[in-house]
Amino acid sequence: MVDLRNGSTVTEFILVGFEQSSSSTRALLFALFLALYSLAMAMNGLIIFITWTDPRLNSPMYFFLGHLSFLDVCFITTTIPQMLIHLVVKNHTVSFASCLTQMYLVFGVGVAECILLAFMAYDRYVAICHPLSYAHIMSRQVCVRLVSTAWFFGLINGILLDYMTFRGPFCRDNHIENFFCEAPIVIALSCGDPQFSLKMIFADAIVVLLSPMVLIVISYARILASILGRTSSSGRGKTFSTCASHLTVVIFFYTSAMFSYMNPRSTHGPDKDKPFSLLYTIITPMCNPVIYSFRNKEVKGAMVRALGRTSLAQAESI
């Protein structure tokens, strides 16, 4: 055991991030990520607003979409603002408590989003394969319970993964080769044997990622069977269009998450970790509202109505 009073014990971490890049590169990255972050916040905020206020979007699919956008807002806010600050200041130090809190939020919100995506696939299955019973099966109470379940398991899972990451003392190098506190990288800095914690996080990733994935695969297999059994080509096209948006989001999110938490640690490195970390921390949350709005006439109509109301209110105030 390491004496916690020992001066060599790590009490803070240094996020390396893009520290080794030139000042001009960091300035360019700051402008790029600020634009992407602002765009993601604006688009997800608009999705949240229209799905929670427009009566024409009063259905389970849009209820889940609004909560997905809320999770995306929470997700990018836990990592990107800090990264933007570190791109313009020289001090990249974060306290032990800050690192633990950030990791808990990333885990909690990320797991909740995994589970919510599975519930959204189930919602599409019920809507397409059991349309007459859809209103009864996916009632408002059921939707609220499903969203609450996603949040509950996400936050509980965050406690477990935080414990596995920080259960040992830290007295080695405190440089984290990423722009936020990512579990496998932090565990590697522990004084003790990191293998047990890494195996536990790998096992947890299998359960958290593959269990919802099984539900998604089963849901879409049944949806596909139902679609192919229909005679109307127009009905097939509309159903495929509805499901394609959700499948695109699933592929983006799960691919990057699986690479980060289900790959052997020996295959990782700063050049490999950062692109995938950027993919699931900012690119995916930014793409979600774009994918859904561009492929959905009802969402686009609600956005036009919301922006029209805003413009009218501004004109009246003048």
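The values are calculated or read from the model by the stated rules, or taken from the named source; none is laboratory data. These figures come from a predicted structure and were not determined experimentally. Cβ: placed from backbone, ideal geometry, glycine included. Neighbour counts: every protein chain shown. SASA here: full protein model, heavy atoms, side chains in, ligands and nucleic acids out. Shrake-Rupley method; radii C 1.70, N 1.55, O 1.52, S 1.80 Å.
Listing for the model above:
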item: Share of pairwise Cα separations in the range 1-117, more than 25 Å, in percent; result: 42 percent
item: Accessible area of residue 156 in the full protein assembly, 1.4 Å probe (Å², nearest 10); result: 90 Å²
item: Distance histogram in 10 Å bins (all Cα pairs of the range 126-226, percent per bin); result: 13, 29, 25, 17, 12, 4, 0
item: For the range 56-195, convex hull of alpha carbons as volume per residue, Å³; result: 126 Å³
item: Heavy-atom accessible area ranking, 1.4 Å probe, most first, across 193, 204; result: 193, 204
item: Sequence of 159, 282, 291, 206 when ordered by accessible area, the most exposed leading, probe 1.4 angstrom; result: 159, 206, 291, 282
item: Area of residue 74 that stays accessible when all protein chains are in place (1.4 Å probe, Å², to 10); result: 40 Å²
item: Label point 7 Å beyond Cα of residue 93 along Cβ direction - residues of the range 164-202 with amide nitrogen under 14 Å; result: 174-175
item: Of all accessible heavy-atom area on the range 128-181, the percent that carbon and sulfur account for (1.4 Å); result: 65 percent
item: Exposure rank, largest accessible area first [104, 163; 1.4 Å]; result: 163, 104
